[in-house]
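The values are calculated or read from the model by the stated rules, or taken from the named source; none is laboratory data. Being a predicted model, the structure only gives us computed values, none of them experimental. Cβ coordinates were reconstructed from backbone atoms using ideal geometry, including for glycine residues, and neighbour counts include every protein chain displayed. Ligands, DNA and RNA are stripped out before the accessible areas are found, and what is left, the full protein with its side chains, is counted by its heavy atoms. Shrake-Rupley method; radii C 1.70, N 1.55, O 1.52, S 1.80 Å.
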Amino acid sequence: MNGQPFRNPSGGLIDRARPLSFTFNGRRHAGYAGDTLASALLANGVRLVARSFKYHRPRGIVGAGAEEPNALVQLREGAATEPDTRATQVELFDGLVAKSQNCWPSVGFDLGALAGLLASALPAGFYYKTFMWPASWWPTYEHHIRRIAGMGEAPRDRDPDRYDYRHAHCDVLVVGGGPAGLAAALAAGRTGARVILVDEGAALGGSLLGEQAVIDGRPALAWVEETVGALAAMPDVLLLRRATAFAYNDHDMLAIVERRFDHMASPPPFETRQRLWLVRAERVVLATGAIERPIVFAENDRPGVMLVSAARAYANRYAVRAGSRAVVFTNNDSAYGAALDLARAGIEVAAMVDVRPDGGEAARRARAAGIRVLAAHGVLAAHGGRSVEAVSVAPIDGTGRAAGRAERIDCDLVCLSGGWNPAIHLFSQSGGRARYEPAIAAFVPGTSVQAERSVGAARGSFALADALAEGLAAGATGAAEAGFGDGAVPPAPGIDRAVEAPMRPLWAVHGVGSKRAKRFVDFQNDVTAADIALAVREGYRSVEHVKRYTTLGMGTDQGKLGNIQGLAILSGLVGADIPAVGTTTFRPPYTPVAFGAIIGHATGADFDPVRRTPMYDWHVRRGAPFVNTGLWKRAQVFPRPGETVLETIGREARAVRTSVGFVDVSTLGKIDIQGGDAAELLDRLYINNWKKLAVGKARYGIMLREDGMVFDDGTTTRLAEDHFFMTTTTANAVRVMSMLEYVHQVHWPELEVHMTSVSEQWAGVAIAGPNARNVLSRLTSDIDVGNEALPYMGCAEGTVAGLPARVFRISFSGEMAYEVNVPSDYGAAIMDAIMAAGEPFDIIPYGTEALNVLRIEKGHFVVGPEADGRTTPDDLGLSGMVSKTKDFIGKRSLSRPALTDPERKQLVGLLTVDPGERIPRGAQIVEDPSHPLPCPMVGQVTSTCFSPNLGRSIALALVKRGRSRYGERLYAASPVAGRTVEVTVVHHVFIDPKGERLRV
Amino acid sequence: MLLIRCPHCGPRNQDEFAYGGDATVKRPADPASASDSEWHAYIYVRDNPRGPHEELWHHAAGCRRWIRVRRDTLSHRILATGPVHGPLAEEEGR
Ligand SMILES: [Zn+2]
């Protein structure tokens, strides 16, 4: 630790009673509560904080806020490490650890700086031109380029912190807690409107924190304190500090990231580190301030070159001298007040270099204070290496060209003010177009598109009096528009207005010096004025193209400092006005946002909701592993000790065919349909006929999409003349419900019918196998389960195991089967009852794997593998189901030429020539495996399994003209599995093709 | 995120809704007598206008009603909303 040589003994808004210790690049330093990492580094005399992206040039701190392009640091260590944090916005805490990124092995000795010596070999577009040939080598080049040009390290471990989301509504959302924003919030808050005030800093006050302004004859910070106190006392005003509104979305919804505990080493227990707010506002006030811009000259990136406003903030807010001897270079009045502040803080102001011939009243006052003012002068070049040591200053003409002999002035601090850019990022994101304002040589908000108003510096009104007046007016008006107050604007506090001389646009100084000197426009991406000139020479004209070719403004700072200089230089080169060359569109986020905040709590187990059937715990108790089907957890198998998974599947599937098994089918979609036109609606939805279905009978149905492709299938039962119970596939339950509502509400609202999803109201179990009836009959006394009373496709209501139940004689496995539905609370009870009743028959529960094997053996298509959105009923061998006497959704499409093409793929079964050989999943069907590539493919395997009941491999496949190929030898080729299997085409129903087992 | 005024529920966030496409396309009254090209147009052909567009939205996480929304595809401004069959109510603001 040392004594913070650049810290003043008094002044500033830091708390000297709370010293903090931190480590930067392995060295321990001291700071105070209230510091940022940047101010603490400067207090300790640390000026070299980074190496530049492309040339690895030494870089120092340029700004004091969100605009900082250089001082990007890797903050914290281990799992909590975070790259690309701006040292200017990192609040210092005790024990903070940070390091420079983009330098290796150290910021002082950097091998990549060799790139700087080869700089002439690295012009704009260099990577595109050099490394794209041969194209196949790019990944190799990229690997090495990325190593050199790293932008920090992503953490490798799981983020130890937690994040959350908040949704909020308000009448007036104020973005920015500077003078304009505070005034707006105050005026709106007084009306009783719900107000949210957002500011990215820890302290409210904005620019007032770094200046020494006077409001109502008192220090401005007294007004800030009073205003914040008044706001905090209003019950409907929410003050969000350390919160950045980073996106202005449609319909006045703003996204705000609140860094709740980033200012501490780690969040307190059970607290989230950051919170993402989504705020829908009736009215929005954008008081986002302005960002000062540098002026381009030779070697303008030397550490010690910074914005005037930054040096001023370090002096006033943090009591830190950013250097000992300063040259201030400006084209406007604002720098003069800052120069006086610097002098008061003990920095020797060696010269004020003003590009204007006459700096007016401000210049006179500076001279009166003993400061040397060089009018109509410019800084041609900075000198020095790891720190600026001197500048060359010379008279310049109106175009920024040196017009006289240069003078060398020693200094270790160069402060720049090339004017101010209103922070119009959120305005631009809201859809508004910026307008160029020549008086300030900057883009300002144009016409509002959404319900926002820009005020103060954000709209180009840089005077404090204007900012306060505009803020008060926008707050009062916004509240009135949202229904609060009468819109009367409170009186503005008294401000002394200075007489200002106009600024004079100057973007770059053209010196005479070395040709190799670099003049940086975009510090973060190492884009120079020469790069822009090269792009123009190579034919680029559009600002959007120049941006992408040179990477101007493409860094994490989105060109907050360099964009307009680049635009101005481009406009000069192509001979067009700045507004004609255009501006670039700002996109979210305003400053980088951690993925953790965007993801919120939706990570790990909370990534998606989990749906568990009423039998879930029952399955868990039996050690079943689960498989995800959409959001559902379904039991996959019920293994016995010592079994392999394949053995379990085989045992379960055999048990169903030889005795009895039962399976949880609760995930099926279930829709209750009632009304006089219920049958009519089903007739219009399903491809088969429904009106004549008897009460108490079920029928299998298929639905198409309107384009004729199979959409879903399931059984639907008529419970009463006007009451049906529909089942859908698990995957399509939600989509079928929406489709029912669509066809009813959009196509045929005249139908008298209502539908309700009852998927979660019923638990379902299928009892399947030759002994299914024997098991069920032991569980019910009031339902006759005999083949005559309850035949295949019959339905009965009564009690099963003493529980209210519906019993459907339907089958997916191809065996005699009953599906028992009970209210979902009884899901576990019915499983226990069936297990007990089935004991004499060695009943077993089975999972989705055996379910799938059984249906493949039976040749049942399923939605997904076979009905993949490209198959018609005829493709699946079901044209016999298609009604010829009525219309239904998708029917007209079935007669379109492409859907009647005889070459279409049709569902078939496949047997391996070698019964033990497995057919690879996803294999393609080919006629001649020795055909040279590309090999014509005639189909694909859709489902494949080893059939334990047939003792051989089987598969379902979709094959061109498949039904005319029974007996034909084909090949299932899988380049993925690296195997080609010889197969024979057969009918797709492998077991009980006549369906006799169903009906016994 | 859009704010959509459901005629049955009031203003709700877009994430409660599912998009349902062009509301002006009508299913042919008698599909069997529609020509291949008429049917093809009904199934596949949609305009992609720049400006006002009348479209269907399903208030899936709300009242489960399909509604009609006139939306400016350029500005995302919602100009009017209403039931599928019935008059649209003009919106102000947003
Ligand atoms: Zn609704």
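Could you tell me whether segment A:857-864 includes any residue that is among the hydrophobic types (A, V, I, L, M, F, W, C), open to solvent by less than 50 Å² (accessible area, probe 1.4 Å) and assigned to a helix (DSSP H, G or I)? Walk me through how you get there before you give the answer.
Step one: filter segment A:857-864 for residues among the hydrophobic types (A, V, I, L, M, F, W, C), giving A:861-863.
Checking the rest, the ones that are also open to solvent by less than 50 Å² (accessible area, probe 1.4 Å) come to A:861-863.
Filter once more, so that each one left must be assigned to a helix (DSSP H, G or I): none.
No: segment A:857-864 contains no residue that is among the hydrophobic types (A, V, I, L, M, F, W, C), open to solvent by less than 50 Å² (accessible area, probe 1.4 Å) and assigned to a helix (DSSP H, G or I).
Residues that are out of contact with any Gly (no Cβ under 8 Å at 6 or more places or on another chain), away from chain A (no Cβ under 11 Å) and of a type in the set (V, I, T) within segment B:70-84 comprise just one, B:T81.
Being more than 7 Å from chain A (Cβ to nearest Cβ), over 14 Å from the mean Cα position of the chain (by Cα) and at pLDDT below 95, is that true of even one residue in segment B:55-67? Looking for residues that are more than 7 Å from chain A (Cβ to nearest Cβ), over 14 Å from the mean Cα position of the chain (by Cα) and at pLDDT below 95, one finds none in segment B:55-67, hence no. Buried (at least 18 other Cβ atoms within 10 Å of the Cβ) and over 30 Å from A:L173 (Cβ atoms), is that true of A:G478? Answer is no for this residue. Apart from one condition, B:M1 fits all of (1) surrounded by fewer than 17 Cβ atoms within 10 Å (Cβ to Cβ); (2) at pLDDT 95 or above; (3) within 8 Å of chain A (Cβ to nearest Cβ); the exception is (2). When segment B:15-42 is limited to residues that are part of a helix (DSSP H, G or I) and closer than 30 Å to A:A247 by Cα, the one that is farthest from the ligand (Cβ to nearest atom) turns out to be B:D15. Tallying residues that are in a helix (DSSP H, G or I) and either at pLDDT below 95 or touching a Pro at 6+ places or on another chain (Cβ under 9 Å) (or both) within segment A:474-495 yields 2.
What do you reckon, is A:G378 open to solvent by less than 60 Å² (accessible area, probe 1.4 Å) and away from every other protein chain (no Cβ under 14 Å)? Steps first, answer last, please.
Numbers: open to solvent by less than 60 Å² (accessible area, probe 1.4 Å): yes; away from every other protein chain (no Cβ under 14 Å): yes.
Judged against the criteria, A:G378 is a match.
Restricting attention to segment B:43-52, the residues that are open to solvent by 90 Å² or more (accessible area, probe 1.4 Å) and part of a loop (DSSP other than H, G, I, E, B) total 4.
Residue-by-condition table, conditions (1) assigned to a loop (DSSP other than H, G, I, E, B); (2) more than 30 Å from A:A653 (Cβ to Cβ); (3) in contact with a Cys (Cβ under 7 Å, 6 or more places away or on another chain); (4) in the same structural domain as A:K691 (by TED's automatic domain parsing):
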{"position": "A:P873", "(1), (2), (3), (4)": "yes, no, no, no"}
{"position": "A:L876", "(1), (2), (3), (4)": "yes, no, no, no"}
{"position": "A:A898", "(1), (2), (3), (4)": "no, yes, no, no"}
{"position": "A:R921", "(1), (2), (3), (4)": "yes, no, no, no"}
{"position": "A:I925", "(1), (2), (3), (4)": "no, no, no, no"}
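Suppose we filter A:G675, A:G630, A:G650 for residues that are touching a strand residue (DSSP E or B) at 6+ places or on another chain (Cβ under 6 Å), touching a residue at least 24 places away in the same chain (Cβ under 8 Å) and not polar (S, T, N, Q); which single one remains? Before the answer, list the steps.
Details: A:G630 fails: touching a strand residue (DSSP E or B) at 6+ places or on another chain (Cβ under 6 Å); A:G650 fails: touching a strand residue (DSSP E or B) at 6+ places or on another chain (Cβ under 6 Å).
Of A:G675, A:G630, A:G650, the one residue that is touching a strand residue (DSSP E or B) at 6+ places or on another chain (Cβ under 6 Å), touching a residue at least 24 places away in the same chain (Cβ under 8 Å) and not polar (S, T, N, Q) is A:G675.
In this structure, does B:R12 turn out to be assigned to a loop (DSSP other than H, G, I, E, B) and either within 21 Å of B:V84 (Cα to Cα) or within 16 Å of the ligand (Cβ to nearest atom) (or both)?
Numbers: assigned to a loop (DSSP other than H, G, I, E, B): no; either within 21 Å of B:V84 (Cα to Cα) or within 16 Å of the ligand (Cβ to nearest atom) (or both): yes.
When the stated conditions are applied, B:R12 does not pass them.
Does any residue of segment A:808-825 turn out to be within 23 Å of A:D672 (Cα to Cα), open to solvent by 30 Å² or more (accessible area, probe 1.4 Å) and part of a loop (DSSP other than H, G, I, E, B)? Yes. Being among the charged types (D, E, K, R) and closer than 24 Å to A:A836 by Cβ is a condition met by at least one residue of segment A:791-798. Counting only strands (runs of 3 or more DSSP E) that fall entirely inside segment A:199-294 and contain at least 2 residues that are touching a helix residue (DSSP H, G or I) at 6+ places or on another chain (Cβ under 7 Å), the qualifying elements are A:237-240, A:243-249, A:274-286, A:290-292.
Within segment A:546-573, the only residue that satisfies the criterion of being open to solvent by 40 Å² or more (accessible area, probe 1.4 Å) and touching a helix residue (DSSP H, G or I) at 6+ places or on another chain (Cβ under 6 Å) is A:L573. In segment A:446-466, the residues that are surrounded by 22 or more Cβ atoms within 10 Å (Cβ to Cβ) reach residues that are among the hydrophobic types (A, V, I, L, M, F, W, C) and assigned to a loop (DSSP other than H, G, I, E, B) with C-beta atoms within less than 6 angstrom, at least six apart or across chains, in these pairs: A:V455/A:A287; A:G456/A:A287; A:A458/A:A287; A:A458/A:A423; A:L464/A:A213; A:L464/A:I495. Going through (1) open to solvent by less than 10 Å² (accessible area, probe 1.4 Å); (2) out of contact with any Asp or Glu (no Cβ under 9 Å at 6 or more places or on another chain); (3) not assigned by TED's automatic domain parsing to the domain that holds A:P975 one by one, A:F888 falls short only on (2). For segment B:25-54, the set of residues classified as more than 12 Å from chain A (Cβ to nearest Cβ) and among the β-branched types (V, I, T) consists of B:V45 only. Applying the selection to segment B:66-81, what residues are in contact with a strand residue (DSSP E or B) (Cβ under 7 Å, 6 or more places away or on another chain), touching a residue at least 24 places away in the same chain (Cβ under 8 Å) and either outside any strand (DSSP E or B) or within 16 Å of the ligand (Cβ to nearest atom) (or both)? Correct list: B:W66, B:I67, B:R68, B:V69, B:T73, B:I78, B:T81.
Is it the case, given these coordinates, that A:D341 is assigned to a loop (DSSP other than H, G, I, E, B), among the acidic types (D, E) and more than 14 Å from chain B (Cβ to nearest Cβ)?
Details: assigned to a loop (DSSP other than H, G, I, E, B): no; among the acidic types (D, E): yes; more than 14 Å from chain B (Cβ to nearest Cβ): yes.
For A:D341, the condition - assigned to a loop (DSSP other than H, G, I, E, B), among the acidic types (D, E) and more than 14 Å from chain B (Cβ to nearest Cβ) - is not met.
Of the residues in segment A:339-347, at least one is touching a Gly at 6+ places or on another chain (Cβ under 7 Å), surrounded by 24 or more Cβ atoms within 10 Å (Cβ to Cβ) and within 26 Å of A:G45 (Cβ to Cβ).
To keep it simple, each residue is scored yes or no on (1) within 14 Å of chain B (Cβ to nearest Cβ); (2) in contact with a Ser or Thr (Cβ under 7 Å, 6 or more places away or on another chain); (3) not in a strand (DSSP E or B).
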residue: A:D712; (1), (2), (3): no, yes, no
residue: A:V736; (1), (2), (3): yes, yes, yes
residue: A:H744; (1), (2), (3): yes, no, yes
residue: A:P749; (1), (2), (3): yes, no, yes
residue: A:A766; (1), (2), (3): no, no, no
residue: A:V775; (1), (2), (3): no, no, yes
residue: A:D782; (1), (2), (3): no, yes, yes
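For (1) in a strand (DSSP E or B); (2) of a type in the set (V, I, T); (3) at pLDDT below 95, each residue gets a yes or a no:
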| residue | (1), (2), (3) |
| --- | --- |
| A:V908 | yes, yes, no |
| A:P932 | no, no, yes |
| A:V941 | yes, yes, no |
| A:S953 | yes, no, no |
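In the list B:P87, B:P11, which residue meets the criterion of being open to solvent by 30 Å² or more (accessible area, probe 1.4 Å) and facing chain A (nearest Cβ under 10 Å)? Let's see the steps before the verdict.
On the way: B:P87 fails: facing chain A (nearest Cβ under 10 Å).
B:P11 is the lone residue from the list that is open to solvent by 30 Å² or more (accessible area, probe 1.4 Å) and facing chain A (nearest Cβ under 10 Å).
For A:R548, the test of being outside the structural domain of A:E200 (by TED's automatic domain parsing), outside any helix (DSSP H, G or I) and more than 21 Å from A:A441 (Cβ to Cβ) is failed.
So, A:F724, is that one within 14 Å of another protein chain (Cβ to nearest Cβ) and in a strand (DSSP E or B) or not? Steps first, please.
Numbers: within 14 Å of another protein chain (Cβ to nearest Cβ): no; in a strand (DSSP E or B): yes.
No: the conditions fail for A:F724.
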